[in-house]
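Before any comments, here is the structure.
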Amino acid sequence: MEKRRLKAAKLFAKGLNPSAVARQLGVRRQSAHAWQQVWQQAGADGLRSKGSAGRKPRLTPAQEEDLADAILAGPEAAGYATAVWTLPRLARLIQQRHGIGYHPGHVWHLLDRLGFSCQRPSRRALERNAAEVRRWHRQRWPALKKKPGGKGAPSSLSTRVD
């Protein structure tokens with residue numbers, strides 16, 4: 001979009017009116033007119049992008065990189081007994097390492113910006129025997145699995161009385 005506005009500035013400098021600029025660039029006439037007003041007041045620099053909107057990040061890029069490294073190292077490396085990061089744990093980690101307070105409910109915005117996503121560990125017993133589970137699925141599960149009877153067997157949802 002910035003390239004289009006700067007191209008419009010060059011066309012205004014050549015003497016084209018907003019309608020002609022709008023047709024040439026494929027934008028609405030109102031946009032071209034607004035760009036012309038900005039161009040007349042501030043020149044081409046006034047049409048440059050102002051950067052991203054919103055609050056600036058509280059962590060510096062170096063602090064964000066340090067946080068990402070700490071996340072990848074795991075909670076155990078940060079002194080936690082279990083291998084699961086939670087938002088409150090991450091908020092405490094940020095506070096301890098960088099002295100910046102984040103509400104646990106907002107930490108996920110930071111994680112998203114760093115490229116992390118929510119992942120829950122699967123719940124499996126430590127004593128789980130994979131071979132025994134496979135055997136159970138092959139042998140016992142088919143016998144337990146409910147199958148409809150043969151052709152003409154009444155449905156459990158049947159409302160007809162024969």
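The values are calculated or read from the model by the stated rules, or taken from the named source; none is laboratory data. From a predicted model like this one, the values you see are computed outputs, not experimental measurements. Every residue, glycine as well, gets a Cβ built from its backbone with ideal geometry; the counts of neighbours run over all protein chains shown.
Table for the structure above
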| quantity | calculated |
| --- | --- |
| Answer from R120, R55, R128 - the residue that is part of a loop (DSSP other than H, G, I, E, B), of a type outside the set (G, A, S) and either touching a Lys or Arg at 6+ places or on another chain (Cβ under 6 Å) or within 30 Å of K3 (Cα to Cα) (or both) | R55 |
| Among the candidates P57, P18, P61, residue that is in contact with an Asp or Glu (Cβ under 9 Å, 6 or more places away or on another chain) and modelled with pLDDT under 95 | P57 |
| Residue in region 62-79 that is assigned to a loop (DSSP other than H, G, I, E, B), more than 22 Å from the chain's Cα centre (by Cα) and loosely packed, with under 11 Cβ neighbours inside 10 Å present | yes |
| Selection from region 30-61 of residues that are surrounded by 12 or more Cβ atoms within 10 Å (Cβ to Cβ) and within 22 Å of the chain's Cα centre (by Cα) | P57, R58, L59 |
| Filter result for Q139 (modelled with pLDDT of 95 or more and part of a helix (DSSP H, G or I)) | no |
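To keep it simple, each residue is scored yes or no on (1) of a type in the set (V, I, T); (2) within 30 Å of K14 (Cβ to Cβ).
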site: R29; (1), (2): no, yes
site: W35; (1), (2): no, yes
site: V84; (1), (2): yes, no
site: R89; (1), (2): no, no
site: G105; (1), (2): no, no
